[in-house]
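The values are calculated or read from the model by the stated rules, or taken from the named source; none is laboratory data. Since the model is a prediction, treat every value here as computed from it, not as a measurement. No Cβ is skipped: glycine too gets one built from the backbone with ideal geometry, and neighbour counts run over all protein chains shown.
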Amino acid sequence: MLKKSFYTRDALIVAKELLGKKICFNGKEAMIVETEAYVPGDPGSHAYKGKTKRNAIMYEEGGVLYVYLCYGMYELMNIVTDKKDVPSAVLIRAVEPLNFKAKTNGPGLVTKALGVTREHNGLSLLSKNMWIEEHKTPKEILQAKRVGLSQGKELPYRFYIKDNNYVSRK
């Protein structure tokens, strides 16, 4: 299990270093293969215009989940990063299933496959219910623009493992 100090750092660092790690939840294990970072002052972030009921968990200390509904039908899972009151998070865009079969090449598919819902918003990644641990060191990590945003899409805050078949977009 990763230590709290792993999560209480800048989202851009955490987003890159999450690649190759194993996420464990409900008996399912998957390797993280694609992420997107959201940092303070970022026009693509839910916290860009300040704290609201929806994004309040982003202001907590890193190491908890931020799960929200997107387009009224997809629940997306983010890992809150950085220090308390520094609204940052990393979206888990794609994972490679290790002990189950499912389509997981997109953030809505990841949460569906793992069984993560908005009820898990605020869940600690230091719990017996969900955690992330060391797994593989990626051979090559690529950095690109984020996907599916109207603002901040030009920022190169998306990271993925080169040549992994589960990455949502190359």
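Within the stretch 17-41, if we keep just the residues that are more than 15 Å from LEU149 (Cα to Cα), outside any strand (DSSP E or B) and among the aliphatic types (A, V, I, L, M), the residue that is farthest from the chain's Cα centre (by Cα) turns out to be LEU19.
Condition check ((1) surrounded by 15 or more Cβ atoms within 10 Å (Cβ to Cβ); (2) under 19 Å from PHE25 (Cα atoms); (3) touching a residue at least 60 places away in the same chain (Cβ under 8 Å)) across all residues:
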residue	(1), (2), (3)
VAL90	yes, yes, yes
ALA94	yes, yes, yes
PRO97	yes, yes, yes
PRO138	yes, no, yes
LYS145	no, no, no
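Within the stretch 1-22, the set of residues being of a type outside the set (S, T, N, Q) and within 15 Å of ALA89 (Cβ to Cβ) comprises PHE6, TYR7, ARG9, ASP10, ALA11, LEU12, ILE13, VAL14, ALA15, LYS16, GLU17, LEU18.
Take LEU155 and tell me if it is surrounded by 13 or more Cβ atoms within 10 Å (Cβ to Cβ) and under 24 Å from VAL39 (Cβ atoms). Even if it seems obvious, please write down each step before you answer.
Working: surrounded by 13 or more Cβ atoms within 10 Å (Cβ to Cβ): yes; under 24 Å from VAL39 (Cβ atoms): yes.
Considered against the rule, which asks whether it is surrounded by 13 or more Cβ atoms within 10 Å (Cβ to Cβ) and under 24 Å from VAL39 (Cβ atoms), LEU155 comes out as yes.
Scanning the stretch 147-158 turns up no residue that is farther than 16 Å from SER45 by Cα and not in a helix (DSSP H, G or I). Under the condition of being in contact with a Gly (Cβ under 7 Å, 6 or more places away or on another chain) and either aromatic (Phe, Trp, Tyr) or without any contact (Cβ under 8 Å) to a residue 12 or more places away in the chain (or both), the residues counted in the stretch 68-82 number 1.
Taken over the stretch 42-59, the residue count meeting the criterion of being assigned to a loop (DSSP other than H, G, I, E, B) and under 18 Å from the mean Cα position of the chain (by Cα) is 9.
Consider the stretch 103-117 and keep the residues that are of a type outside the set (Ser, Thr, Tyr) and loosely packed, with under 14 Cβ neighbours inside 10 Å. The one that is nearest to VAL64 (Cα to Cα) is GLY115. ALA94 meets the conditions (1) of a type outside the set (S, T, N, Q); (2) out of contact with any Ser or Thr (no Cβ under 7 Å at 6 or more places or on another chain); (3) more than 20 Å from GLN151 (Cα to Cα) in every case but one. The failed one is (2). With the structure loaded, tell me whether ILE57 is closer than 14 Å to VAL116 by Cα and among the aliphatic types (A, V, I, L, M) or whether it fails that test. Spelling it out, it is not the case that ILE57 is closer than 14 Å to VAL116 by Cα and among the aliphatic types (A, V, I, L, M). Tell me, yes or no, whether the stretch 86-101 has at least one residue that is touching a strand residue (DSSP E or B) at 6+ places or on another chain (Cβ under 9 Å), at pLDDT 95 or above and of a type in the set (Lys, Arg). For the stretch 86-101, residues touching a strand residue (DSSP E or B) at 6+ places or on another chain (Cβ under 9 Å), at pLDDT 95 or above and of a type in the set (Lys, Arg): present.
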